[in-house]
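The values are calculated or read from the model by the stated rules, or taken from the named source; none is laboratory data. Everything numeric in this text was worked out from a predicted model, so none of it was measured. A quick note on method: Cβ atoms are made from the backbone with ideal geometry, for glycine too, and the neighbour counts reach across all protein chains shown.
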Amino acid sequence: MSAVFTPIGEQVKQDLQDTGPPLQDRSFRWVLFGALSVGIITLAALLIFVFLEGYPRLTPTLWQNMPSIRFPEKAGAQSAIMGSIWVIVTTAVICLPVGIMAAIYLEEYADPTKRFNKLIEINIQNLAAVPSIVYGILGLGVIARALALGQTVITAALTLSLLVLPVVIISSREAIRAVPQSIRAGSLALGATQWQTISRQVMPAAVPGIATGAILALSRAIGEAAPLLLLGAVTFITFNPDGLMSSYTVMPIQIYNWISQSREEFQVLAAALCIILLGILLVMNAFAIYLRNRFQRRW
Amino acid sequence: MSTNSSTVAGGTEFSLQRSSPRYGERAIKVLLVACAALSVATTIGIIWALFVPAFQFFQTVPITDFLFGTQWSPLFADPEFGVLPLVSGTLVITGIACLVALPVGLLTAMYLSEYAADKTRRVLKPILEILAGIPTVIFGFFALEFVTQVLLQNIWPNTEVFNALSAGLVMGVMIIPTIASLSEDAMSAVPRGLREGAYALGSSKRQVTLKVVVPAALSGIVAAFVLGVSRAIGETMIVAVAAGLQPNLSLNVFEGMQTMTSFIAAAGSGDQPTGSIGYQTIFAVGALLFVMTLLMNLFSIRMVRKYREVYE
Amino acid sequence: MTTNEDATVGAQFGRAAASEKVDEAVMELRNVHVFYGDYEAVREVNMPIASREITAFIGPSGCGKTTLLRSFNRMNDLIPGARVAGEVLYHGVDIYSSDVDPIEVRRRIGMVFQKPNPFPKSIYDNIAYGPRVLGEKKANLDEIVERSLVRAALWEEVKDKLDTSGMALSGGQQQRLCIARCIAVNPDVILMDEPCASLDPIATAKIEDLMHELAAEYTIVIVTHNMQQAARVSDRTAFFTADVDAKGVRHGRLVEFGPTQDIFMSPKDSRTEGYISGRFG
């Protein structure tokens with residue numbers, strides 16, 4: 001026997017009927033979708049444009065030859081590619097240990113209620129947002145001139161290290177914080193010292209996250225041009241760096257130089273070098289995403 | 001026998017004092033503190049690097065002439081040091097960027113936080129990350145070669161080759177990821193309970209998003225906006241490539257304009273002798289840029305703390 | 001009391017009746033108070049911990065049992081603002097005195113946590129970790145690992161997969177792994193903070209059997225929510241409750257301490273009796 005419901009009337013029946021979301025809600029969804037596509041379409045347009053423009057010059061001469069102002073058809077970017085490698089490797093060697101150690105201090109040792117630590121905290125957040133050209137001024141005034149390191153690979157690497165240090169610190173801290181407190185407690189309860197706990201338990205567990213952040217920080221450094229404009233990278237360089245005190249140029253600056261030339265062939269060259277730079281960044285980002293997905297641990 | 005040595009029931013002696021002095025443990029801590037303190041040293045270095053030459057500059061050029069002068073030609077034989085053309089160029093281009101990025105970034109954040117399914121989000125966020133990772137010199141190239149020469153000059157034939165509009169539009173796209181991801185963080189931090197309360201009253205998703213989530217996340221959204229603006233003001237390569245190097249106190253966005261950053265880039269890439277007035281102008285403009293962005297960054301950090309305190 | 005009743009209640013006890021007085025104490029609390037900042041979480045506790053016995057802490061939630069337990073090996077040091085007043089004596093030495101090193105304390109007084117927390121490493125490395133940080137020679141590790149796993153009644157289950165991750169074990173196995181890890185550094189006292197709270201009844205029974213065996217060599221202090229468990233495994237029981245003071249603030253307090261059978265069969269305090277018989281808690 002089925003239950004008998006109290007009659008509710010036609011009006012309620014109609015109200016409960018699903019007529020789909022009202023017009024306003026549907027159009028709002030489309031507005032959101034439209035906004036989202038602005039970024040995606042521009043990104044696609046940029047990638048396609050650069051690729052079409054630069055593809056004809058994406059030939060071995062591009063990485064086999066040195067830059068030339070007179071013969072665009074023979075010009076290459078080998079000195080810029082080698083310069084970028086020199087600068088980035090040096091930057092990594094300087095900024096990763098410093099950044100990771102700073103992160104360890106802030107997460108594992110620092111008492112966040114102390115004024116000194118609060119100061120460091122705000123300071124790092126601010127440094128992350130200081131315009132990159134200001135770091136160029138710092139490099140020019142302090143590292144190149146006051147420390148007299150000149151316009152060299154090491155000056156560029158030190159400057160870029162300071163520039164990406166906040167990124168390294170912030171991402172390493174997140175990775176360290178994600179290691180559960182119970183792991184630390186377990187280790188300390190066995191009589192391990194704090195550093196033993198950090199170096200043998202916390203850091204190994206945090207490595208994938210730190211590596212992901214480090215790659216993203218370095219990929220920012222490799223595309224950075226503004227501060228290096230002040231640090232001598234614009235000079236016309238037709239040789240590969242041979243040491244830390246060598247003159248240098250890097251890919252983004254070489255692109256900038258070629259864009260500034262009036263002849264159309266140089267625009268094509270610039271686009272071709274953009275493709276190489278984007279390719280390198282793509283590989284780095286893909287590797288970072290792979291690390292994140294492969295080693296991410298669910299606690 | 002010290003007070004801390006004692007005898008266990010079995011008869012063996014034990015001590016709870018440190019078995020070794022653990023100097024390594026302490027040395028490591030000192031090293032770690034030094035690394036963290038380096039960030040403070042960086043700030044001090046920036047301030048010192050900027051303000052010492054800037055101070056020397058202001059002994060030659062009165063600060064009022066600098067801030068309120070309308071002519072900027074510091075490297076000419078007959079130099080003028082009015083920074084207003086650079087400031088206005090910066091603000092015009094930043095303004096265009098904001099017109100693009102604030103609405104687009106906010107709406108994108110609403111979509112990601114409230115509408116997108118998990119799967120969609122997993123695809124969209126890396127795309128935004130890629131957008132954020134494009135080197136700005138490539139954005140500049142795109143602005144000059146595509147936006148100006150393919151789009152703008154075909155729509156408005158009297159657009160100059162270097163113009164504020166294309167630089168501003170592309171810069172807007174550049175800061176979309178900053179604004180979108182920070183706003184999304186703020187919206188995601190809004191507790192579920194608030195949303196459910198509104199749904200239980202029969203609100204639609206649009207109403208919940210606009211009337212509950214956005215107001216609740218407002219301080220975080222404001223922080224995202226301010227940080228985005230700060231990034232736009234400090235951006236160098238797009239404007240250096242696409243907006244030209246002509247100081248221009250004008251609101252005509254089809255004309256070229258020099259910004260504070262592109263002046264620094266241009267003047268700094270030439271080899272100015274240390275101590276010359278040309279060298280010092282770099283630092284004076286840099287100091288102004290630093291102060292403007294610093295105020296915005298600090299404001300933004302404050303706003304972020306505010307919502308974190310409420311919801312976390 | 002009739003014989004019949006005696007038999008049913010008596011069956012729940014797992015240990016022989018302990019003597020009224022503690023003859024040989026490993027630890028002793030004298031006038032211990034634990035604070036978090038200004039908040040006094042535990043108030044004035046005096047009690048001994050008998051050697052090679054199992055002492056259970058029972059009482060309602062929020063009565064400070066875990067907080068007190070964590071003060072036994074200075075794990076409270078890790079919580080900012082936590083502070084202990086009074087004396088926590090270990091063989092007569094106050095572990096909070098200024099020249100005592102908390103790391104040395106924790107090497108002698110081990111701890112097993114509420115939620116199993118194996119390290120994200122192999123089973124072998126989980127056990128070998130403690131001896132390694134204490135500087136044990138590599139050559140001895142294999143033997144220590146085997147002996148610890150055997151004593152924790154886990155050896156038979158894992159001997160063929162020592163290089164698999166400790167996190168791949170079941171919850172009960174993980175907890176026995178944590179016990180083995182604790183045994184590997186050969187402590188004097190083992191603190192257990194609700195070790196079975198996240199386990200099913202079968203895994204719980206295995207841990208309880210294990211505790212009986214370990215009591216022959218180690219002094220064990222266990223915090224538990226489960227009264228039956230306290231009755232089954234412990235020699236002595238301390239009953240804690242939370243007092244509410246004039247300002248409405250709760251403070252943990254030791255109500256009654258004695259041989260487990262006395263606490264359960266003939267509690268002296270009416271609050272203990274109420275809790276035991278399930279009238280509150």
Filter pass, residue A:283 being more than 13 Å from residue B:138 (Cβ to Cβ), among the aliphatic types (A, V, I, L, M) and surrounded by fewer than 17 Cβ atoms within 10 Å (Cβ to Cβ) = yes
key: Test result for residue B:210, surrounded by fewer than 19 Cβ atoms within 10 Å (Cβ to Cβ), closer than 19 Å to residue B:95 by Cα and of a type in the set (A, V, I, L, M, F, W, C)   = no
ask   = Quick one: would you say residue B:184 is at pLDDT 90 or above, more than 10 Å from chain A (Cβ to nearest Cβ) and assigned to a helix (DSSP H, G or I)?
value = yes
message = Report every pair of residues separated by at least 6 positions or lying on different chains whose Cβ atoms are under 7 Å apart, first residue within the stretch B:293-304 and not assigned by TED's automatic domain parsing to the domain that holds residue B:46, second not in a helix (DSSP H, G or I).
response = B:293/A:129; B:293/A:130; B:293/A:131; B:297/A:129
key: Those residues of the stretch C:243-274 which are in contact with a Pro (Cβ under 7 Å, 6 or more places away or on another chain) and either modelled with pLDDT under 90 or closer than 20 Å to residue C:39 by Cβ (or both), in sequence order   = C:273
remark   = Per the list (1) in a helix (DSSP H, G or I); (2) out of contact with any Lys or Arg (no Cβ under 9 Å at 6 or more places or on another chain); (3) without any contact (Cβ under 8 Å) to a residue 60 or more places away in the chain, residue check on residue B:144 breaks on (3)
remark   = The one condition residue B:154 fails out of (1) more than 11 Å from every other protein chain (Cβ to nearest Cβ); (2) assigned to a helix (DSSP H, G or I); (3) closer than 19 Å to residue B:244 by Cβ is (3)
task = Please determine, by comparing only the residues of the stretch B:266-312 that are among the β-branched types (Val, Ile, Thr) and crowded, with 16+ Cβ neighbours inside 10 Å, which one is farthest from the other protein chains (Cβ to nearest Cβ).
result = B:277
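Conditions tested, residue by residue: (1) more than 13 Å from chain A (Cβ to nearest Cβ); (2) among the acidic types (Asp, Glu); (3) buried (at least 19 other Cβ atoms within 10 Å of the Cβ).
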| site | (1), (2), (3) |
| --- | --- |
| B:22 | no, no, no |
| B:57 | no, no, yes |
| B:65 | yes, yes, no |
| B:71 | yes, no, no |
| B:74 | yes, no, yes |
request  = Among the candidates B:61, B:137, B:52, single out the residue that is surrounded by 22 or more Cβ atoms within 10 Å (Cβ to Cβ) and closer than 30 Å to residue A:146 by Cα.
outcome  = B:137
query = Does residue C:18 fit the bill of being surrounded by 21 or more Cβ atoms within 10 Å (Cβ to Cβ) and modelled with pLDDT under 90?
reply = yes
query = Looking at the stretch C:193-201, is at least one residue buried (at least 23 other Cβ atoms within 10 Å of the Cβ) and either over 12 Å from residue C:152 (Cβ atoms) or not hydroxyl-bearing (Ser, Thr, Tyr) (or both)?
reply = yes
query = If we only count strands (runs of 3 or more DSSP E) wholly inside the stretch C:27-124, which ones have 1 or more residues that are closer than 19 Å to residue A:191 by Cβ and in contact with a helix residue (DSSP H, G or I) (Cβ under 9 Å, 6 or more places away or on another chain)?
reply = C:82-90, C:109-112
Index of the failed condition, residue B:262 passing every other in (1) part of a helix (DSSP H, G or I); (2) over 20 Å from the mean Cα position of the chain (by Cα) = (2)
query = Right, residue A:100: of a type in the set (A, V, I, L, M, F, W, C), surrounded by 21 or more Cβ atoms within 10 Å (Cβ to Cβ) and not in a loop (DSSP other than H, G, I, E, B) or not?
reply = yes
query = Would it be correct to say that residue C:97 is without any contact (Cβ under 8 Å) to a residue 12 or more places away in the chain and polar (S, T, N, Q)?
reply = yes
task = Quick one: count up the residues across the stretch A:265-291 that are modelled with pLDDT under 90 and either assigned to a loop (DSSP other than H, G, I, E, B) or at the interface with chain B (Cβ under 10 Å from one of its Cβ atoms) (or both).
result = 4
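This table checks each residue for (1) surrounded by 16 or more Cβ atoms within 10 Å (Cβ to Cβ); (2) in contact (Cβ under 8 Å) with a residue 40 or more places away in the chain.
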| residue | (1), (2) |
| --- | --- |
| A:45 | yes, no |
| A:75 | yes, yes |
| A:89 | no, no |
| A:110 | yes, no |
| A:118 | no, no |
query = Is there a residue in the stretch B:139-155 that is within 20 Å of the chain's Cα centre (by Cα) and among the aromatic types (Phe, Trp, Tyr)?
reply = yes
query = In the stretch C:137-160, which residue that is among the charged types (D, E, K, R) and touching a helix residue (DSSP H, G or I) at 6+ places or on another chain (Cβ under 7 Å) is farthest from residue C:179 (Cα to Cα)?
reply = C:157
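Residues are listed down the side, and each one gets a yes or a no for (1) surrounded by 19 or more Cβ atoms within 10 Å (Cβ to Cβ); (2) at pLDDT 95 or above; (3) touching a Phe, Trp or Tyr at 6+ places or on another chain (Cβ under 9 Å):
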{"position": "A:178", "(1), (2), (3)": "no, no, yes"}
{"position": "A:191", "(1), (2), (3)": "yes, no, no"}
{"position": "A:197", "(1), (2), (3)": "yes, yes, no"}
{"position": "A:202", "(1), (2), (3)": "yes, yes, no"}
{"position": "A:207", "(1), (2), (3)": "no, no, yes"}
{"position": "A:211", "(1), (2), (3)": "yes, no, yes"}
{"position": "A:216", "(1), (2), (3)": "yes, no, no"}
{"position": "A:222", "(1), (2), (3)": "yes, yes, no"}
{"position": "A:229", "(1), (2), (3)": "yes, no, yes"}
ask   = Tally time: how many residues in the stretch A:21-73 are within 14 Å of another protein chain (Cβ to nearest Cβ) and part of a loop (DSSP other than H, G, I, E, B)?
value = 2
inquiry  = When you scan the stretch A:178-201, do you find a residue that is polar (S, T, N, Q) and not in a helix (DSSP H, G or I), even just one?
reply    = yes
ask   = Out of all the residues in the stretch C:132-171, which are of a type in the set (Gly, Ala, Ser), surrounded by fewer than 21 Cβ atoms within 10 Å (Cβ to Cβ) and either out of contact with any strand residue (DSSP E or B) (no Cβ under 8 Å at 6 or more places or on another chain) or away from chain A (no Cβ under 14 Å) (or both)?
value = C:135, C:139, C:153, C:168, C:170, C:171
query = For the stretch A:120-142, how many residues meet the condition of being in a loop (DSSP other than H, G, I, E, B), within 7 Å of chain B (Cβ to nearest Cβ) and surrounded by fewer than 23 Cβ atoms within 10 Å (Cβ to Cβ)?
reply = 1
message = For the stretch C:34-62, give me each residue that is among the hydrophobic types (A, V, I, L, M, F, W, C) and in contact with an Asp or Glu (Cβ under 9 Å, 6 or more places away or on another chain).
response = C:34, C:47, C:49, C:50, C:54, C:56
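Yes or no, residue by residue, for (1) farther than 30 Å from residue B:129 by Cα; (2) in contact with a Pro (Cβ under 6 Å, 6 or more places away or on another chain); (3) not aromatic (Phe, Trp, Tyr):
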{"position": "A:5", "(1), (2), (3)": "yes, no, no"}
{"position": "A:15", "(1), (2), (3)": "yes, no, yes"}
{"position": "A:23", "(1), (2), (3)": "yes, no, yes"}
{"position": "A:27", "(1), (2), (3)": "no, no, yes"}
{"position": "A:32", "(1), (2), (3)": "no, no, yes"}
{"position": "A:48", "(1), (2), (3)": "no, no, yes"}
{"position": "A:51", "(1), (2), (3)": "no, no, no"}
